[in-house]
Every structure is written in C-alpha cells, then in structure tokens.
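I have placed the structure first, in the form of structure tokens, so that the comments after it can refer back to it.
The values are calculated or read from the model by the stated rules, or taken from the named source; none is laboratory data. Here the structure is a predicted model, which means the values were calculated and not measured. Positions of Cβ are backbone-derived with ideal geometry, glycine not excepted, and every protein chain shown enters the neighbour counts. When the accessible area is computed, the model is the full protein with side chains, heavy atoms only, and any ligands, DNA or RNA have been set aside. Shrake-Rupley method; radii C 1.70, N 1.55, O 1.52, S 1.80 Å.
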Amino acid sequence: MNSGGNIPPGKSQVSIYMMDDPIAMVKVLIDIRQVAVEIDTATKQSEADEDDEWDDNFSGRHRDSDHKSVIWDTLHITPGVYDLLKLRNGTDTLLASGLFPSGKILKVRITLGSDNTVFTDSATSYPLEIFGSHPYFDINVRRENVSSISNNQFKLWLDFNLAKSIFFWNGQFLLKTNIVVFNDDESAKIKGVVLPEEAAALVTAFNSKDTLYSIPGEDGKYLFRDVNAGTYSITFKGEGGYSDTTINNIVVETGKRTEAPTITLHK
C-alpha cells in the first residue's frame, strides 16, 4: 500500500468525491463555497464508532471535556457552481481534498453560496433556496464509510440524492439536502444497458427498503453505486412512445458488481 511518504508527520490526507441520484430536471446548479471535515484528533480512523459520537454537545467517549480534541479543518476545493446532473449515472467528481491533523473523520460540512438554480427545461429556470437557517449542511461519517488507502490516506464518496433534496413549496423550489456518504471501494453496484438510446429511459432499481435512480448515458449504459445487498426489481421507463419494462429478481451481494441483462424497449 502507499505509505504516504509525501504526507507530513502528524497529518493525514483525504479526498472527497461527489455524485448524484438524478431528478426529472434539465439542470440543478449548486453553488459550493467551502468543504470542511470535523476531526477527533484523539482517535484513530480505524477505531470503532460510538453511538453518541456525533452529539452536538460533544459528549462522545472520545471527546475530552473542553472539546480540544475535536476540530474543524477546511479542505482545498475549487469554489463555484456545480451542475449535479452531470454527475448522474455513476459519474463522480473530486469535490475536495487536502491535509488535516491526523485523527478520525466525524463529519463533512459543505457550505453553499446563494447562486443555486434549477432548470425545469432548457429555457426555464428558478432560484433554489436553501431550506433552514444555515447556509451549510453536515454529513455524519462512520468508520465503514471511509476507504483507507494507507494509514494516513483516505477517500470517501458523497451521493447527493436530488429526488429527496429538492421540493416545491409555497411557490418556490427549496433545497433540503439528502446526502449519503459511502465507501465506493467496498460498496455493491448494479450495471447494465438499456436500448435504444432514443428511448431516453429512466432506470429505477427498487425493493421494499431502497429506491435508486439512474439516467443512462448516450450508449445506454447505466450504473448504480452504493447498493445495499438484497433482491431488486428494475423498471425502465421510456420516452417518445417506448413501452415501459420491468425485470425482477436481480440479486445484489455485499461488495460485488451485479450485471443486469441488456434490455431493449419497443414502441
């Protein structure tokens, strides 16, 4: 494994990637200003999670009484407006990276600016207002969510579920973020192909516990990442007069990639 020889003593390195679950819109533009991580410097990343580890009053076992072991550290990003729909179908982008004082990652905090917009079609846009009193949101991180490249190099992925994050209320679009953090190196996946390309199918994988969405690329390929183990049905909803199709009994095992049969939609 990479020993992290370029990382200074007492420091660790983290890379955070972002992707999205799609929504029936043309664009979703999110203004990201800052990314930070909350670190418990008195705890190793490999240590087991505590049930009260993320209490707002810092009452967790690893935190000392004056909170000095728990700090926030800002990572390097390119601030700007990100079109989250470009990250659909399993595509991700490096959102933030940087060095931080070695310890256990407890949270990721993303701070947004005011330039957030949704496009319902190519010519119609609406402001997207942040729901709540703070321009930031926190995501709890558990030990199993973090991929360890070495004892001081880590990666994690954020899945921005737009379908559960954007809602219309009182005449405006509101953003109340729903984000899942996961370890892509160990998560299960479903991949497949739906044809023809002009059907522009929306692909939905679901069972009694989970519902996942994907919009295939131009070649008809789709990919679901961070899939919980279980048995799924997959529905293909076509446009332009193409009939919908559902396949059943797609079995997903922990940490494995499942390949679904190729589906061809017909008018």
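Can you tell me which residue is most open to solvent (accessible area, probe 1.4 Å) among those in the range 13-45 that are at pLDDT 90 or above and either in contact with a His (Cβ under 7 Å, 6 or more places away or on another chain) or in a loop (DSSP other than H, G, I, E, B) (or both)?
Per the stated criteria, the residue is Lys44.
Here is a list: Val193, Val203. Which entry is among the aliphatic types (A, V, I, L, M), assigned to a strand (DSSP E or B), closer than 17 Å to Ile247 by Cβ and more than 20 Å from the chain's Cα centre (by Cα)?
Answer to the selection: Val193.
So Ala163 fits all but one of (1) surrounded by 21 or more Cβ atoms within 10 Å (Cβ to Cβ); (2) assigned to a helix (DSSP H, G or I); what number is the exception?
Ala163 satisfies every listed condition except (1).
Give the number of residues within the range 91-105 that are of a type outside the set (Ser, Thr, Tyr), surrounded by fewer than 19 Cβ atoms within 10 Å (Cβ to Cβ) and not in a strand (DSSP E or B).
1
Which of the following residues is without any contact (Cβ under 8 Å) to a residue 60 or more places away in the chain, assigned to a strand (DSSP E or B) and in contact with a Lys or Arg (Cβ under 9 Å, 6 or more places away or on another chain): Phe119, Phe137?
Answer to the check: Phe137.
Give me the residue from the range 130-147 that is among the hydroxyl-bearing types (Ser, Thr, Tyr) and open to solvent by 60 Å² or more (accessible area, probe 1.4 Å) and, out of that set, farthest from Met25 (Cα to Cα).
Only one residue fits best here, namely Ser133.
Going by what's in this entry, would Val181 be described as closer than 20 Å to Asp49 by Cβ, assigned to a strand (DSSP E or B) and either aliphatic (A, V, I, L, M) or under 14 Å from the mean Cα position of the chain (by Cα) (or both)?
yes
Given the structure, is Lys256 at pLDDT 90 or above and within 15 Å of Val194 (Cα to Cα)?
No, not satisfied.
Only one residue in Glu186, Glu198 is open to solvent by 30 Å² or more (accessible area, probe 1.4 Å), touching a residue at least 12 places away in the same chain (Cβ under 8 Å), charged (D, E, K, R) and outside any loop (DSSP other than H, G, I, E, B), so which one is that?
Result: Glu198 is the single residue among Glu186, Glu198 that is open to solvent by 30 Å² or more (accessible area, probe 1.4 Å), touching a residue at least 12 places away in the same chain (Cβ under 8 Å), charged (D, E, K, R) and outside any loop (DSSP other than H, G, I, E, B).
Within the range 137-156, does at least one residue satisfy the condition of being touching a Phe, Trp or Tyr at 6+ places or on another chain (Cβ under 6 Å), farther than 28 Å from Lys237 by Cβ, at pLDDT 95 or above and not hydrophobic (A, V, I, L, M, F, W, C)?
No: zero hits.
List, please: which pairs have Cβ atoms under 8 Å, are six or more places apart or on different chains, and start with a residue in the range 75-96 that is over 18 Å from Val180 (Cβ atoms) and in contact (Cβ under 8 Å) with a residue 40 or more places away in the chain and end with one that is open to solvent by 60 Å² or more (accessible area, probe 1.4 Å) and in a loop (DSSP other than H, G, I, E, B)?
Val81/Asp115
Which residue, of Ser150, Ser122, Ser114, is over 16 Å from Ile179 (Cα atoms) and open to solvent by less than 80 Å² (accessible area, probe 1.4 Å)?
On inspection, the qualifying residue turns out to be Ser150.
Go through (1) surrounded by fewer than 21 Cβ atoms within 10 Å (Cβ to Cβ); (2) over 16 Å from the mean Cα position of the chain (by Cα) for Asp210 and report which single condition fails.
(2)
Which residues, counting only those in the range 216-251, are in contact (Cβ under 8 Å) with a residue 60 or more places away in the chain and in contact with a Phe, Trp or Tyr (Cβ under 6 Å, 6 or more places away or on another chain)?
Across the range 216-251, the qualifying residues are Pro216, Asp226, Ile250.
Looking at Thr254, Thr231, which one is open to solvent by 20 Å² or more (accessible area, probe 1.4 Å), assigned to a loop (DSSP other than H, G, I, E, B) and not small (Gly, Ala, Ser)?
Checking each option against the conditions leaves just Thr254.
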